[in-house]
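S.K.: I have a structure I would like to understand better, so I am pasting it below and will then ask my questions one at a time.
Coordinate-derived values only; no laboratory data. Note that the structure is a prediction, hence the values are computed from the model and not measured. Cβ sites come from the backbone with ideal geometry, for glycine too, and all protein chains shown count toward neighbours.
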Amino acid sequence: MIKVMIAEDDFRIAQIQEQFLQKVSEVKLVGKALNAKETMEILDKHEVDLLLLDIYMPDELGTELLPRIRESHPTVDIIMITAATERTMLEKAIRYGVFNYLLKPVTIEKFVETIEEYKKKKNMISCREEVDQSLIDRYFGISNQAPVSQKELPSGVDRLTLQKVKEVMAELKGGISIEEMGEKMGASRTTARRYLEYLVSIDVCIAKHDYGIVGRPERKYYLVKDYRVI
């Protein structure tokens, strides 16, 4: 669950953004601030993953808050939602690593698309123990590579076996562990892990730790929502 905070001095716009957030799954609103002072107070008191930050607030510009937020709450991600069209505002926001910069008025389609993209990229990083260049390229939107179906498969990954693994995943309603996939494939744990991690690397699957079992958390693999076997 992604914990979201809204910092917006116009309560009507804040209400609209709250309604927009309700259209997005796996997000939870943890606070709303009407000014910069309240913004910092809520950040100090609550765990926040994503801050939707206005620039023109009555007591301090949102862009002036950025260095303070980065110093006090370095793990908070920020999306600016503002009427500010000045280039200097955008440049400052970029320098402080904002995830996106939306100009008002924001349509519900654009709002939801942006939050969904944030969720996708956050999950893209969090579900991987190690990163490679292809993951980094996808994260930063570099798409000059050939489609997966046309790419040469990595060493140790056979096309027919890969198709079988995809079909097994497509038949599942939930996730699958490495051991379970090995049994279905008739292969070793190492081989099953190789294929599952490859599917993670090309965004067909995501990997999460299942804490529902007593003892060590189990790494399980799930199909991304919009994937279909081809």
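S.K.: What's the angle, to the nearest 10 degrees (0 to 90), between helix 159-171's Cα axis and the longest principal axis of the chain?
M.R.: 60
S.K.: Looking at the chain only, what percent of DSSP beta bridges run antiparallel? Nearest 5 please. Let's see the in-between values first.
M.R.: On the way: 8 of 26 bridges.
Among the beta bridges of the chain, antiparallel pairing accounts for roughly 30 percent.
S.K.: How large is the charge dipole for the chain, taken about the Cα centre, if only the Cβ atoms of Lys, Arg (+1) and Asp, Glu (-1) carry charge, to the nearest 20 debye? The partial results should precede the final answer.
M.R.: Details: 35 positive and 38 negative charges, 152 e Å.
Using only the charged Cβ atoms, the result is roughly 740 debye.
S.K.: Nearest 10 degrees is fine. How inclined is helix 189-201 to the longest principal axis of the chain, computing both from alpha carbons?
M.R.: Long axis of 189-201 versus the principal axis of the chain: about 40 degrees.
S.K.: How high is the relative contact order of region 2-125, given as a whole-number percent (alpha carbon pairs under 8 Å, six or more residues apart)?
M.R.: On the way: 183 pairs, mean separation 28.8, N = 124.
The value is 23 percent.
S.K.: Turning to a different aspect of this structure: Apply the Debye scattering formula to region 19-78, with a single equal point scatterer on each alpha-carbon and no solvent, then give log10 I(q)/I(0) at q = 0.14, 0.15, 0.29 Å⁻¹.
M.R.: -0.39, -0.44, -1.37
S.K.: Among residues other than GLU197 whose Cβ falls under 11 Å from its Cβ, what is the net charge (Lys/Arg +1, Asp/Glu -1)?
M.R.: Working: positive: ARG128, ARG193, ARG194, ARG219; negative: GLU129, GLU130, ASP132.
So the environment of GLU197 carries a net charge of +1.
S.K.: Just tell me which lysines come within less than 29 Å, Cα to Cα, of LYS166; anything on the same chain fewer than 8 places away is out.
M.R.: Those lysines meeting the cut-off are LYS119, LYS120, LYS121, LYS122, LYS151, LYS184, LYS208, LYS220, LYS225.
S.K.: Now for a different question. Summing +1 for each Lys or Arg and -1 for each Asp or Glu, what net charge is found among the other residues whose Cβ lies under 11 Å from the Cβ of ASP132? Provide the component values of the computation, followed by the final result.
M.R.: On the way: positive: ARG128, ARG138; negative: GLU130, ASP137, GLU197.
With Lys, Arg at +1 and Asp, Glu at -1, the neighbours total -1.
S.K.: Another one. Counting only C-alpha contacts under 8 Å and six or more residues apart, can you give the relative contact order of region 150-223 as a whole percent? Mind showing how you got there, number by number?
M.R.: Values: 72 pairs, mean separation 21.8, N = 74.
30 percent.
S.K.: Given a cut-off of 30 Å, what percent of all Cα-Cα pairs of the chain lie beyond it? Write down the numbers at each step before the final one.
M.R.: Values: 9923 of 26335 pairs.
Across the chain, Cα pairs with separations above 30 Å total 38 percent.
S.K.: Where a ≥ b ≥ c are the square roots of the eigenvalues of the C-alpha gyration tensor, would you call region 2-125 rounded, which needs a/c under 1.5, or, failing that, prolate if a/b is larger than b/c, or oblate?
M.R.: Rounded, since a/c falls under 1.5.
S.K.: Using a simple charge model, +1 on the beta-carbon of Lys and Arg, -1 on the beta-carbon of Asp and Glu, nothing else, what dipole does region 2-125 show about its Cα centre, in debye to the nearest 20?
M.R.: Values: 18 positive and 22 negative charges, 72 e Å.
With only Lys, Arg, Asp and Glu charged at Cβ, the dipole is about 340 debye.
S.K.: Further, regarding this structure: Taking K and R as +1 and D and E as -1, what net charge do the other residues with C-beta under 10 Å from the C-beta of ALA33 add up to?
M.R.: Values: positive: LYS32, LYS37; negative: GLU8, ASP9, GLU38, GLU41, ASP54.
Here the count lands on -3.
S.K.: Here's something else I'd like to know. Would you give the gap between the C-alpha center of region 155-224 and the C-alpha center of region 15-39, rounded to a whole Å?
M.R.: 36
S.K.: Can you find, among ALA7, ILE115, SER155, the residue farthest towards the positive end of the dipole of the chain? Put +1 on the C-beta of Lys and Arg, -1 on that of Asp and Glu.
M.R.: Highest projection toward the positive end goes to SER155.
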